[in-house]
Each structure stands twice: as C-alpha cells, then as structure tokens.
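The values are calculated or read from the model by the stated rules, or taken from the named source; none is laboratory data. The structure displayed is predicted, hence computed values, not measured ones. Ideal geometry is used to build each Cβ from the backbone, glycine not excepted, and the neighbour counts take in all protein chains shown.
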Amino acid sequence: MKNIHFVLLFVLPLFFSCSTEKKKLLKEDLSMPNVLFIAVDDLNNWITPIDGYSNAKTPNFDRLASMGVTFTNAHVQAPLCGPSRASIMTGLRPSTTGIYGMTPDNKIRRKENPSTKDITFLPEYFKNNGYHTMGIGKLFHIHSPDNVFDESGGRVKGFGPYPKKRFIWDGFGKGVRGKHGRTSTDWGAFPENDTLMPDHQSVNWVVDRLNRKYEKPFFLGLGFLRVHVPLYVPQKWFDMHPLEGIKTPPYLSDDLKDIPSVGKQINDLPMMPSTEWAKESGEWKKIIQAYLACMSFVDSELGRVLDALEKSNYADNTIIVLWSDHGYRLGEKGTFAKHALWETATKAPLMFAGPNLPRGKKIAAPVEMLSIYPTLLELTGLPVYAKNEGTSLVAMMQNDKGLETTHAITTFGMNNHAIKKDGYRYIQYEDGTEEFYDHRTDPNEWKNEALNPEFKSKINELKELLPKVNSIWDSESNYTFQPYFKNQKIRTNGKGAKHLKVIGADR
C-alpha cells in the first residue's frame, strides 16, 4: 500500500504537468490563423470589384473585396485548368515540372518526375504543420490526390447537372471527332433550383464544417465548378441579366492577321463557338448572359460561405484566399475559351482577407497565382517552404513593397511563354516567334508590335525574364483536346519517352 501511495505521489504531478503542457500547446495551436481556400473555375475579371463588365452583379465578391486585398492584375501560370492548379498546389512552374496538360491528381507527384517526386502539396504543408485539413469540390484538376486532406468531401463527377438534351451547342462545333475532342460548352437555364447544383451542396458541406469545433487550426478548401461550362444555372440568375443590358467585349474580325503560326495553332479551337458564329446566330449576348448568370450564382454561394464564417467562432482568425485557375474569353480573339497566352485568358481574380491585412485595398501591379502558396505560409507564420518558386505577396499587401519590379509569367505548352510587366505583354513561342503589346495604347491586344524598333529595348528586357529551364512534357501529362499540344509532346518527348528530361530555354 505504501508503494502504491509512493507511485501515485510521483506519477500524479507528472500527469497534471503533462496535461497542463498539452493544454498550453493546444491553446497556442488554436491561436494560429485558419485558412479558407476558395477556388472558382474559369472565372475571369468581370466581377464587380475588378472590371464590373456588362453590368455584372456580384455583391458578395464586393463584400470580400471590402474585407481585404484584391489583385486586379493577377495572372495564372497556365491558361488551362490542370497545369494551372498543379502549379498552385506544388508551388512550381509548369516549365519546371513539365506539367503542361491534364494530369491525374495521383500522378502529379511520382518518382519518375524529378521536380515533383518529393514535393509537398500546399494543403499537405499545412497538415504537416499541425493543421486539420478539409476539402471539397474541384481543387486540383479533379479533386485532390489521395490522403492530402484529413477530411474530403470529394467532388461530383463532371460539371452537371445536365439536361437530357443540350440546349444549343453540340460540343463538337466544326471539330472533327477523334481529332479535336468534345466540350461541355452549352448555355441555358437549368436546373429548376439551386439545391440541385453541386456547388450548393459543396457549400452546405463547408457551412457544416464552419459550425464545428476543432482542436487544431484548420485549412478548409472549397472548389466551385461554375463558372465552368456548361453555363447552366437556374432561371432566376438569368433574369438578373436582361439581354438588353448585355454588352459584348471589343472584337476585331481580322485580329489574328499579325499572329505567329504557333499562336494561331494554339488558338485553333473548332470545337468551341467562334465569335463570327455567335454574331451571325444572335447567340453572343446570350452566351454572355449565361456567363454572368453563372457568376451571380457563384457569388450567392460565396455569400453563404461568408455568412457562415461571420457567424462562426472563426470570423476574426481566418485568412481567406479566393482565386481562379485562369481567365475566360467571351468573344475576344475570335472564340469562347481560355486556351491562349493573351490577356483575357491569363488574367483572373485573386483576393486575400484576414488578420493583419488592409481592408478594401486594390493592387494593379501584375502578380502570379504561384504566389498563393508562399503568401499563405507567411500569413499563418509557418516556415518558408524552400521549393516554392513563387514570391510572397504579404509585403506588397501591407506596405506596397515590390510594386515597381513585379511581373507575371504564363506558360502554355513547352517553351511558349507570356510575360506581363510595366503595362506590356511579351509572348515568345517555341520557334522564337514573338508578340508584343503596349496595353497603355492597345488594351485589346489588336496590334502586334514585336517588329517595331521603338520597343526593341523593352522586348529585350522582358526576354530576360523568360524561364531558363523548359522541361519536356511529363509522361503522365496530356492534352489531346487539340492537335497542336498532342503533336508537341510527340515531337519533344518522342513516342516512347517515359522520363522527364530538362533542356535549356530556346532563346
């Protein structure tokens, strides 16, 4: 009995000491900011905090903008869903990874690719540093690789719901079956109500998570499917945008006459509606109406998320980042698509809000979506991840540091790059041909000034910013939607290529 008393006298203080220490650590963990990570598919800059184009109605994007910082000139690292999202989630450029096309989520990180074989994905970095991670919807190209999230809500397959028969567009257009692929492009009022939309169901899942209690700080990802085609949302969202109030974007029918051959090949999208067809058929304003309707629908769902956060215990200690994977052309440059190195395809919304950030601030300097990863680490106080190729935007948001030197690089396929800096856009294609635009006098990029001697020194300056490494196509990354990219992979890798190789930039 004396021995038992002795053991208790020795063990109990140690037990209470450990419990106190555990509570102390728990308290410290919970003081770290949470992260609400919101991706919106195919969202261009027409939202009201940025362009407010064609009478867009997005009050909740305005609401988020008033809570933090809006980058009005943010650019993606690839104007295509898969490689853009892979870049954001790995913190690496497409030219580094060779991920230029669509790559299965579980194939982004594998031993055959030296740049990604041991990469830590953005949500994983938070998980490894004590965060409870959760995600639903389209975050990577499909949803996420296995085991990235502690809790996964998954993703509804495709971009439905779909009616039994398409309303207008057949998905092939003038494209050739087996050569060009089929798209989900179509537009019209469907289904009957918001509750039938996968995005609404995803928000229900997020709202439920925001109402729970956690013993750790959390990372919560939400990936919206809209405004990706098909442009289907309930009728009430169309009613908000009467056709008589719709404005079509500037368009020049012979705009591509001074575009290099590679640029024209990339832009050859016969499966998509052309602007000429949209004009002749009377569908142009209807397509824009449908896009604006989808935008307003997503805005409403964003409002539900912001309401839930505001009512939760986490309102004052949560960092919000909202981004899109690329822009979207709505008739500019002859078509309705992303798929280009021009401004309307590469530029997309980027917004941050949270503790220690200014409210209602807008920054017009060009920045990269690649910066999301290091920016979130700095905002949450986590250690720098040395493999990140992007630069944190915290100093820019807080103190305007770096505004004069910042630039953005977009890559589409191997060795095709665009540089945005100082109000100029420079494009260099794989064969060395070029485009150059002065946005101060030509915001629509109608006049290619690449051969104008007046801009020779500026072009040479921007050339120095091109990636110095251009990896060949990763063997698991493909884009068979269009012949140019399929052929480029064969030309640069060889039909039997299995491993990633690295070559110097063609300067």
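Yes or no, residue by residue, for (1) surrounded by fewer than 18 Cβ atoms within 10 Å (Cβ to Cβ); (2) not in a strand (DSSP E or B):
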{"position": "GLU192", "(1), (2)": "yes, yes"}
{"position": "VAL203", "(1), (2)": "no, yes"}
{"position": "VAL207", "(1), (2)": "yes, yes"}
{"position": "ARG226", "(1), (2)": "no, yes"}
{"position": "TYR232", "(1), (2)": "no, no"}
{"position": "LYS236", "(1), (2)": "yes, yes"}
{"position": "SER253", "(1), (2)": "yes, yes"}
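Of the residues GLY153, GLY137, GLY160, which is within 21 Å of LYS338 (Cβ to Cβ) and either charged (D, E, K, R) or in contact with a Ser or Thr (Cβ under 8 Å, 6 or more places away or on another chain) (or both)? Of GLY153, GLY137, GLY160, the one residue that is within 21 Å of LYS338 (Cβ to Cβ) and either charged (D, E, K, R) or in contact with a Ser or Thr (Cβ under 8 Å, 6 or more places away or on another chain) (or both) is GLY137. Taking the numbered list (1) charged (D, E, K, R); (2) assigned to a loop (DSSP other than H, G, I, E, B); (3) without any contact (Cβ under 8 Å) to a residue 40 or more places away in the chain in turn, ASP268 passes all entries but (3).
Determine, yes or no, whether LYS247 is assigned to a helix (DSSP H, G or I), farther than 26 Å from LEU222 by Cα and at pLDDT 95 or above. I'd like the intermediate steps shown before the answer.
On the way: assigned to a helix (DSSP H, G or I): no; farther than 26 Å from LEU222 by Cα: yes; at pLDDT 95 or above: yes.
Taking the combined requirement at face value, the residue does not satisfy it.
The number of residues in the stretch 35-63 that are in contact with a strand residue (DSSP E or B) (Cβ under 6 Å, 6 or more places away or on another chain) and farther than 23 Å from PRO230 by Cβ comes to 4. Of the residues making up the stretch 85-100, those that are assigned to a helix (DSSP H, G or I) and over 20 Å from ALA340 (Cα atoms) are MET89, THR90. Of all residues in the stretch 47-82, those that are of a type outside the set (A, V, I, L, M) and closer than 25 Å to ILE266 by Cβ total 8.
Going residue by residue through the stretch 304-326, is there one that turns out to be over 30 Å from VAL207 (Cβ atoms) and either crowded, with 23+ Cβ neighbours inside 10 Å or in contact (Cβ under 8 Å) with a residue 24 or more places away in the chain (or both)? No, the stretch 304-326 contains no residue that is over 30 Å from VAL207 (Cβ atoms) and either crowded, with 23+ Cβ neighbours inside 10 Å or in contact (Cβ under 8 Å) with a residue 24 or more places away in the chain (or both). Here is a check on your reading of the model: is GLN235 touching a helix residue (DSSP H, G or I) at 6+ places or on another chain (Cβ under 6 Å) and farther than 30 Å from THR133 by Cβ? For GLN235, the condition - touching a helix residue (DSSP H, G or I) at 6+ places or on another chain (Cβ under 6 Å) and farther than 30 Å from THR133 by Cβ - is not met.
One line per residue, one yes/no per condition, for (1) more than 19 Å from MET67 (Cβ to Cβ); (2) under 16 Å from the mean Cα position of the chain (by Cα); (3) not acidic (Asp, Glu):
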{"site": "GLU343", "(1), (2), (3)": "yes, yes, no"}
{"site": "ILE372", "(1), (2), (3)": "no, yes, yes"}
{"site": "LYS387", "(1), (2), (3)": "yes, no, yes"}
{"site": "GLN398", "(1), (2), (3)": "no, no, yes"}
{"site": "LEU403", "(1), (2), (3)": "yes, no, yes"}
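Scanning the stretch 377-422 for residues that are within 21 Å of CYS81 (Cα to Cα) and either free of Cβ contacts under 8 Å to residues at least 40 places away in the same chain or not charged (D, E, K, R) (or both) yields a count of 14.
Among the residues of the stretch 45-79, just one is surrounded by fewer than 19 Cβ atoms within 10 Å (Cβ to Cβ) and touching an Asp or Glu at 6+ places or on another chain (Cβ under 6 Å), namely THR48.
Looking only at the stretch 39-55, how many residues end up being in a strand (DSSP E or B) and touching a helix residue (DSSP H, G or I) at 6+ places or on another chain (Cβ under 7 Å)? Spell out the reasoning first.
So in the stretch 39-55, the residues in a strand (DSSP E or B) come out as 39-40.
Remaining after also requiring touching a helix residue (DSSP H, G or I) at 6+ places or on another chain (Cβ under 7 Å): 40.
Going through the stretch 39-55 one residue at a time, the tally reaches 1.
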